[in-house]
1. Looking at the stretch 153-177, which of its residues are touching a strand residue (DSSP E or B) at 6+ places or on another chain (Cβ under 9 Å) and assigned to a helix (DSSP H, G or I)?
2. Restricting attention to the stretch 253-279, and to residues there that are part of a loop (DSSP other than H, G, I, E, B) and touching a helix residue (DSSP H, G or I) at 6+ places or on another chain (Cβ under 9 Å), which single residue is nearest to ILE92 (Cα to Cα)?
3. Which one is farthest from VAL189 (Cα to Cα), of the residues in the stretch 119-134 that are crowded, with 24+ Cβ neighbours inside 10 Å and of a type outside the set (Gly, Ala, Ser)?
4. Give me the residue from the stretch 203-220 that is surrounded by fewer than 19 Cβ atoms within 10 Å (Cβ to Cβ) and not charged (D, E, K, R) and, out of that set, nearest to the chain's Cα centre (by Cα).
5. Would you pick out the residues in the stretch 179-236 that are in contact with a Leu (Cβ under 6 Å, 6 or more places away or on another chain), over 24 Å from LYS257 (Cβ atoms) and β-branched (Val, Ile, Thr)?
6. How many residues does the stretch 103-115 hold that are surrounded by 16 or more Cβ atoms within 10 Å (Cβ to Cβ) and not in a loop (DSSP other than H, G, I, E, B)?
7. Can you confirm whether LEU188 is in contact with a helix residue (DSSP H, G or I) (Cβ under 6 Å, 6 or more places away or on another chain) and surrounded by 15 or more Cβ atoms within 10 Å (Cβ to Cβ)?
8. If you take the residues in the stretch 73-102 that are touching a residue at least 12 places away in the same chain (Cβ under 8 Å) and in a helix (DSSP H, G or I), which one is surrounded by the most Cβ atoms within 10 Å (Cβ to Cβ)?
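The values are calculated or read from the model by the stated rules, or taken from the named source; none is laboratory data. Note that the structure is a prediction, hence the values are computed from the model and not measured. All Cβ positions, even for glycine, are placed from backbone atoms using ideal geometry, and neighbour counts span all protein chains on display.
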Amino acid sequence: MRHSFAILSFRGRRRRPDGFIIVAVLWILLLLATLATIYSLYVGKSALALTANDAGIETELLVSGGLELAAYQLLVPQKEDRPTHGEFRVRIGRANLAVRYMSEAARIDLNEAPKPLLAGLFTVLGARAPDAERYAERIIGWRTEPKAAAQDKETSLYRAAGLSYLPRGAPFAHVSELWLVQGLPPALVERALPFVTVYSGQPAVNVLDAAPEVLAALPDMTQDRLDNLLNRRETTTAAPKSAADILGTDEPAATTKGSNAFRVDVHIRFDGGRHAAAEAVILLGSDNVPYQVLSWRDGGDEMPIQSRVIGSR
């Protein structure tokens, strides 16, 4: 009996390591399964990130292609024959592009426009005439170099308002600086942004391309004159030689010429149904430097960027 018990006990002690090994193997398998799950999730997320990144790169390349084609259309004619606006459609790779461009001369340049034109825009957008005059003065004060010999009036206004900054005392770097000009109502700034620029480089606006709101801002513009102007530029086939030909009178703030800066809108439709859009302002250059990108917007607020030279070798 003792012998049998000893054998049974011996056999029982030999089976314990087998159970321990089985449990250890199960834990290892569970750990491997967990690691495999984590790895699969990581691979899936990485694939999604790479896909999104690839889509972003593809969109940027297509927009760049649209800008280059627009610049090509603008640079082929002689400068005096260069169009001030245009549009075209093209297919690149797996996408269809619709491209429109217009000279920045269609907008009011914050750095060059005279006071009456600036005040006229604010009046058109709903400001009372005295307030519009004051807003125009603030814009001119922002862009004007302060006087060195005497206390600058504009600087005093910003300090009295308790602002943490002073006027630039130099040209606007971007239209977004309009938000910082002391005394301008935010709602009025928001309404004005689609009609202003800092890239035109000229005090006059192109009456052939400008929006009705910009045309209405011209000094002494009445509703009847505005309606007549809009009708004439819609029905006249031959391009007028001067702004006076279409306005009927000389107006220093009006022109029929464009600028070297163009705003280009690129709308992309991919074969799979995805859409994308971007807007850029380009500055045409010489033969060695076809154009530079001055600003770029793709779904957010337009931001200035360091000028990128395109086409140079």
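1. Within the stretch 153-177, VAL175, SER176 meet the criteria.
2. Result: ARG274.
3. So, considering only residues that are crowded, with 24+ Cβ neighbours inside 10 Å and of a type outside the set (Gly, Ala, Ser), the one farthest from VAL189 (Cα to Cα) is LEU121.
4. Ranking the qualifying residues of the stretch 203-220, first place goes to ALA211.
5. VAL189
6. Final tally of qualifying residues: 6.
7. no
8. That would be LEU74.
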